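Student: Below is a structure I'd like to ask you about.
The values are calculated or read from the model by the stated rules, or taken from the named source; none is laboratory data. As the structure is a computational prediction, the values presented were derived from the model and not from experiment. Note: accessible area is taken over every heavy atom of the protein model, side chains too, but ligands, DNA and RNA are not part of it. Shrake-Rupley method; radii C 1.70, N 1.55, O 1.52, S 1.80 Å.
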Amino acid sequence: MLTQRQGEYLPAWLDAVRQDDLRSLHTLAAGTDRDLNAVAAGLTLPWNSGAVEGHVNRIKMLKRQMFGRAGFALLRKRVLLAQ
């Protein structure tokens with residue numbers, strides 16, 4: 001499902017998970033059911049937010065490095081210069 005973008009198999013997979021004895025997978029299935037359309041779209045569509053997540057991760061790392069040391073002005077400069 002993940003590598004072949006076959007989100008149409010998700011409902012059948014969730015049914016198989018519910019029939020299994022592993023409680024942790026039941027919790028996963030219940031959480032997936034809450035937003036089934038979004039999960040299926042994520043497994044089917046070719047678009048992703050990987051590039052954006054990379055930038056957010058970089059900015060959070062810079063913020064953690066500067067925690068308690070400086071204000072927003074210096075953080076802004078580091079974000080803009082750390083390309």
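Student: For the range 43-82, what does the accessible surface come to per residue with a 1.4 Å probe? Please give it in Å².
Tutor: With all protein chains present, the range 43-82 gives 87 Å² per residue.
Student: Counting only protein heavy atoms and using a 1.4 Å probe, what share of the accessible area of the chain belongs to carbon plus sulfur, as a whole percent?
Tutor: Looking at the chain in its full context, I get 58 percent from C and S.
Student: Next question. Anything in the chain that counts as a DSSP H helix reaching 15 Å or more along its axis (C-alpha) with Kyte-Doolittle mean of at least 1.6? List them, would you?
Tutor: Span-like helices, by this rule, are absent here.
Student: Another question, then. Can you pull the percent of Cα pairs in the range 36-83 with separation above 13 Å?
Tutor: Roughly 65 percent, once rounded to a whole number.
Student: A further question follows. Just need the Rg to Rh number for the chain, please, alpha carbons only, Kirkwood Rh.
Tutor: So for the chain, dividing Rg by the Kirkwood Rh gives 1.23.
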